[in-house]
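What follows is a set of notes on a single structure, which appears directly below.
Quick note: the coordinates plus some simple rules give every number you see, no bench work behind them. As the structure is a computational prediction, the values presented were derived from the model and not from experiment. Cβ placement follows ideal geometry from the backbone for every residue including glycine, while neighbour counts extend to all protein chains displayed.
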Amino acid sequence: MRDQTLKLGLYITSFIGLVDSLYLTWVKLTHHVAFCGTYGGCETVSTSTYASILGIPIALFGAGAYLVILILLFLENKGQFWKENSPILVFGITLVGVLYSIYLTYIEIAVLHAICPYCVVSAIAMLVLFLLAILRLVRGQVEANPI
């Protein structure tokens, strides 16, 4: 995959994750019930004690992570510092995001016995971002150290 294709994938996936997380934040802050269609887990998950930390919705942290990733991707064109450091910063953010998503998915399945489709979308988006970030780092290493 070309670097531009990877970067476009990162942009699109981050945007999807951001919209998803902003919706979940809105649901939590306004006390609305998320539209889940035939799935009944949204309300159980969004009203649980695991849906916030110190009164701050978990989804807001996710939205912040997706927004920071988008900003870092944008800054890559703004100077050598960002071009060199943004890929590792994106990797770090997505690593933490994936690990936390694994924890939250475990909570949904094992503790709450409910699945929120929007949470699944966010977890998948973060996993895709993590995999793309790894590909970019590996690709950068190969280009920097050709055999």
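Would you work out the charge dipole size for segment 3-144 about its Cα centre, treating the Cβ of every Lys and Arg as +1 and the Cβ of every Asp and Glu as -1, and quote it to the nearest 20 debye?
Computed charge dipole of segment 3-144: roughly 180 debye.
Could you pull out every residue, at least 5 positions away or on a different chain, whose amide H is within less than 5 Å of the one on S52? Hs are placed 1.01 Å off N in the peptide plane, and Pro or chain starts have none.
Those qualifying (amide H under 5 Å, at least 5 residues apart or on another chain) are I58.
What nm distance separates the two modelled labels at Y50 and F15, each placed 7 Å from Cα along Cα→Cβ?
3.2 nm
By the scheme Lys and Arg +1, Asp and Glu -1, what is the net charge of all other residues having a beta-carbon under 15 Å from that of T13?
+1
If I model a spin label as a point 7 Å beyond the Cα along the Cα-Cβ vector, how far apart are those points for I109 and L127 in nm?
Calculated label separation equals 0.9 nm.
Pairing the Cα long axis of helix 117-144 with the longest principal axis of the chain, what angle in degrees results, from 0 to 90 and rounded to the nearest 10?
Its long axis makes an angle of about 10 degrees.
If contacts are Cα pairs under 8 angstrom and at least 6 residues apart, what is the relative contact order of the chain in percent?
Taking the mean separation of contacting Cα pairs over the length of the chain, I get 35 percent.
Could you please report the charge total around Y118, scoring K, R as +1 and D, E as -1 over all other residues with beta-carbon less than 12 angstrom from its beta-carbon?
Here the count lands on -2.
Multiply the residue gap between L135 and L75 by 0.36 nm, knock off their C-alpha separation, and tell me the result in nm, one decimal place.
Contour length minus Cα-Cα distance gives 19.7 nm.
In terms of the Cα gyration tensor, with a ≥ b ≥ c the square roots of its eigenvalues, is segment 3-144 rounded because a/c is under 1.5, prolate because a/b exceeds b/c, or oblate?
It is prolate, given that a/c is not under 1.5 and a/b is the larger ratio.
What angle do you read, to the nearest 10 degrees and between 0 and 90, between the alpha-carbon axis of helix 58-75 and the longest principal axis of the chain?
It works out to around 20 degrees.
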